[in-house]
Amino acid sequence: MLIEIDWHPTGRQLRVFGAGGLLAAMLAALVLYFVWGAAALPVGIVLGAGAVVFLCSLLAPTVARVLYVGLTLAALPLGLMVSFLLLAALYFLLLAPVALVFKLMGRDVLERRFGARAESYWVPRRAGEDMERYFHQF
């Protein structure tokens, strides 16, 4: 399988998940309050949710495991879709136009063209100076 879901995370993974949840909630609360100008109640709810996740990861690992696996299952399809779209955008908006421009310019870096009068396609290279340099590459 391409992506493995960790159905039984360790206690350390759950504690890291809880700490990450608390930090993400604090960051979200700061953005809500200072950037969007939200009232104190939504900011408090976000901070409370982060604190609950953190405390569950420390005191109730089974509840934290359910949250961890549930959020993993909820985020998996979204992550797959976003990665697919980003790769497609990278290909069609960057690589394909560059390749088309190179093709129109006649650029052939790999020298793959066939020469009508070429006797051989061998490319002469210089001989190695000393065999000892292979053991000291850097």
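The values are calculated or read from the model by the stated rules, or taken from the named source; none is laboratory data. Worth saying up front: this structure is predicted, and the values here are computed from it rather than measured. Every residue, glycine as well, gets a Cβ built from its backbone with ideal geometry; the counts of neighbours run over all protein chains shown. In case anyone asks, the SASA skips ligands and DNA or RNA and just uses the protein heavy atoms, side chains included. Shrake-Rupley method; radii C 1.70, N 1.55, O 1.52, S 1.80 Å.
Tabulated data for the structure shown
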item	result
Between helix 11-30 and the chain: long-axis angle, C-alpha atoms, 0 to 90°, nearest 10	80 degrees
Residues of the chain: accessible area per residue with a 1.4 Å probe, Å²	86 Å²
Computed label-point distance, nm, for sites W36 and A127 using a 7 Å Cα→Cβ extension	7.2 nm
Alpha carbon Rg of the chain, scaled by the compact-globule rule 2.2 N^0.38 Å	1.94
Within the accessible area of segment 1-124 (1.4 Å probe), percent carbon and sulfur	75 percent
D_trans [Stokes-Einstein, Kirkwood Rh over alpha-carbon pairs] for segment 6-68, 4 °C, 1.567 mPa s, µm² s⁻¹	108 µm²/s
The chain - mean residue ellipticity at 222 nm from DSSP helices (-39,500 (n - 2.57) per run, n ≥ 4, rounded to 500)	-20000 deg cm²/dmol
